[in-house]
Amino acid sequence: MRGTFLARLGKLWLACILFFLYAPILVMAFMSFNASQYYQLPFEFSLKWYEKLAGNSEIIDAATRSVGIALVTTLIATILGTAASVALFRFEFRGKRFLQIMLFPPIAIPWLITGTAMLIFFFGVGLGRGTPSVIIGHVALALPYVIVVVSARLATFDATLEEAARSLGADSWTVTRRVTLPWISSGIIAGALFAFAVSFDQFVVSYFLSEPGDSTLPVLIYTSIRKGFTPEINAVSTIIIVISMAVMLIAARFSNFGGER
Amino acid sequence: MSARLANHDRLRIVGLLSPAYLWLTVAIFLPLSAMFYFSFLSDVPFGNTEWTYTTENYAAFFQTSTYATLLWKSIRLGLIVTVIAVLVGFPCAYVLAKVIKGRSREALFLLVILPFWSNSLVRIFSWAIVLRGNGVLDLGLNAILPFEVDVNLMFSTPAIVIGLVHSYLPYVILTCYLALQAIDDNLIDAARSMGASKFTILWRVILPLSLPGLLAGAVLIFVPVVGSFMEPRILGGRVGTYYGTVIEDQFVAVFNWPLGAALSFILLAVVLLILAVASPVLKRAQT
């Protein structure tokens, strides 16, 4: 018999953790609907900060840019990442282990170091700051996630299916297109959503690589916070957190992330 | 499959792999090399500036104690945040992995992990609203407590620690959960049936078996915290000067890029050292 008291205490602890994790986000969302500029209570419901937001062209521009960058990043990272995963899965060759280890630095090295290094290098080759540099950086950060997620899906793939298709006369392009890709499609979708999240939420690398006045949404929020809080930032932050959580929830459905199987 | 690859296979491997790895080379590995090169220059080699090779940027780190002190301050922050996150997160992961059963476990686990994948800047900002004087925490405590308290944690070290623990807690819960889930329940039952106390089971069975996951989580928190600059800036204000913020300043305010490069590289060396020490454990955690 399990100690029910301890079990109950544990569940209470878990509840406390969930409260800790979500309370500030909920407070922020709540306050974005509050009429007072100084977050004063009593609460008075108002949509005025969202209306202000809709009229703020600087924020709208940054949001459009962020979504655009995230979409381009997703497209490139998903295609390159899927191709690499298929090669890493299907072939045995020398240096494979090394290539797998090479995926680690973009994830493990603090973004501060990666971001400043990119800034130096892109200036050195004459590209400088700007949206192209940001996209190059984001794709590099997203690639390892795509490869890891797609590879995890590929690991469940039965290679004899390919052999069966081949013995039935399918050429290798047909095998890839009609057998392999459909099987791993849920992994590819999950990888794409991860890539979108990595790019859309990325702050540090964007911060060093984007041009002042031409920045992504998180960078704009950071510079505005340093000038002082406004409920408008609250409103836009609430929208961002809803989008990024929604994207990850869908990704979780596709990748069995958090599942046991 | 034959040991030697056919030519067309080799071509296919190169075709499939090279786009991704060329991209990583251009965006990660060449920049890191460029930064290393830069850290030995006296000035940025753009335009008409005169520059020479020098080791002065590294000497600057050792000549004054400022940078070393800040690096130590950042490392200490990393240790504090890591220890708190592990102490808070491990029991939470245990409850998820071993106490809660069935369908609700999956949903709760997802709920715990979800914030980690949402925007970290926004989450730090949300703490600013909660912690500031006259903020929600202040008002809330005064509404509950019978006496007047003045809570203004904003722009203090505790605020930075709270924000960072909030940012990285899901990481340690994730790695501990995966490690704990892999422990066979029969093992725990066997220990219990042989008369082991709860504490003995925790100390002699559960902890040793979940140690790789726990350490992996610790490393994955420690490394980014040592390099953090956005969190101390927003939540720390004037006390928020850390090694990371000094590096940030070199690139966006002072424009001493070679010094910034040298400071970044010293940080990278520290990070790599930590990863190297932890890598046997991390490797075990992976499998």
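The values are calculated or read from the model by the stated rules, or taken from the named source; none is laboratory data. It should be emphasised that the depicted structure is a prediction, and the values quoted were computed from it without experimental measurement. When we count neighbours, we look across all protein chains shown, and the Cβ atoms used for this are built from the backbone with ideal geometry, even at glycine.
Table for the structure above
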read-out	value
Filtered residue count, region A:100-121, keeping only those that are assigned to a loop (DSSP other than H, G, I, E, B) and surrounded by 20 or more Cβ atoms within 10 Å (Cβ to Cβ)	3
Residue satisfying all of: in region A:122-132; more than 9 Å from chain B (Cβ to nearest Cβ) and part of a helix (DSSP H, G or I); surrounded by the most Cβ atoms within 10 Å (Cβ to Cβ) among these	A:Thr131
Pick from region A:182-218, criterion among the aromatic types (Phe, Trp, Tyr) and within 9 Å of another protein chain (Cβ to nearest Cβ), ranking: farthest from A:Ile233 (Cα to Cα)	A:Phe194
Hits in region B:16-36 - residues which are more than 8 Å from chain A (Cβ to nearest Cβ) and more than 19 Å from B:Leu263 (Cβ to Cβ)	B:Ser18, B:Leu22, B:Thr25
Where A:Arg97 falls short, out of the listed (1) without any contact (Cβ under 8 Å) to a residue 60 or more places away in the chain; (2) not in a helix (DSSP H, G or I)	(2)
Residue match in region B:136-144 (condition: within 17 Å of A:Tyr22 (Cα to Cα), in a helix (DSSP H, G or I) and under 20 Å from the mean Cα position of the chain (by Cα))	no
Residue satisfying all of: in region B:205-239; modelled with pLDDT under 90, touching a helix residue (DSSP H, G or I) at 6+ places or on another chain (Cβ under 8 Å) and small (Gly, Ala, Ser); nearest to B:Phe155 (Cα to Cα) among these	B:Gly217
Selection from region B:14-63 of residues that are free of Cβ contacts under 8 Å to residues at least 12 places away in the same chain and outside any helix (DSSP H, G or I)	B:Pro45, B:Phe46, B:Gly47, B:Asn48, B:Thr49, B:Glu50, B:Trp51, B:Thr52
Lone unmet requirement of (1) farther than 24 Å from B:Arg238 by Cα; (2) more than 9 Å from chain A (Cβ to nearest Cβ) for B:Leu169	(2)
Condition broken by A:Ser66, with the remaining ones in (1) at the interface with chain B (Cβ under 7 Å from one of its Cβ atoms); (2) touching a helix residue (DSSP H, G or I) at 6+ places or on another chain (Cβ under 6 Å) satisfied	(1)
Selection status of B:Ala93, at pLDDT 85 or above, aliphatic (A, V, I, L, M) and either part of a loop (DSSP other than H, G, I, E, B) or out of contact with any Leu (no Cβ under 8 Å at 6 or more places or on another chain) (or both)	no
Helices (runs of 4 or more DSSP H) enclosed by region A:155-242 - at least 3 residues per element that are at pLDDT 85 or above, aromatic (Phe, Trp, Tyr) and within 28 Å of A:Gly137 (Cβ to Cβ)	A:181-201
Residue in region B:37-47 that is nearest to A:Ala108 (Cα to Cα), counting only those that are of a type outside the set (Ser, Thr, Tyr) and within 9 Å of chain A (Cβ to nearest Cβ)	B:Phe38
Answer residue from region B:217-259, given it is of a type in the set (A, V, I, L, M, F, W, C) and more than 11 Å from chain A (Cβ to nearest Cβ) and is surrounded by the most Cβ atoms within 10 Å (Cβ to Cβ) among those	B:Ile221
Entirely in region B:153-240, the helices (runs of 4 or more DSSP H) that have 3 or more residues that are of a type in the set (S, T, N, Q)	B:157-181
Within region B:96-128, tally of residues that are touching a helix residue (DSSP H, G or I) at 6+ places or on another chain (Cβ under 7 Å) and not in a helix (DSSP H, G or I)	3
Residue list for region A:243-261, restricted to those being modelled with pLDDT under 75 and surrounded by 14 or more Cβ atoms within 10 Å (Cβ to Cβ)	A:Ser255, A:Asn256, A:Phe257, A:Gly258
One residue from B:Val151, B:Val83, B:Val88, B:Val99 being in contact with an Asp or Glu (Cβ under 6 Å, 6 or more places away or on another chain) and surrounded by fewer than 20 Cβ atoms within 10 Å (Cβ to Cβ)	B:Val151
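Listed here are the residues, each with its yes/no results for (1) charged (D, E, K, R); (2) under 25 Å from A:Met245 (Cβ atoms).
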position: A:Pro106; (1), (2): no, yes
position: A:Ile113; (1), (2): no, no
position: A:Pro144; (1), (2): no, yes
position: A:Ala170; (1), (2): no, no
position: A:Arg178; (1), (2): yes, no
position: A:Ala197; (1), (2): no, yes
position: A:Val204; (1), (2): no, yes
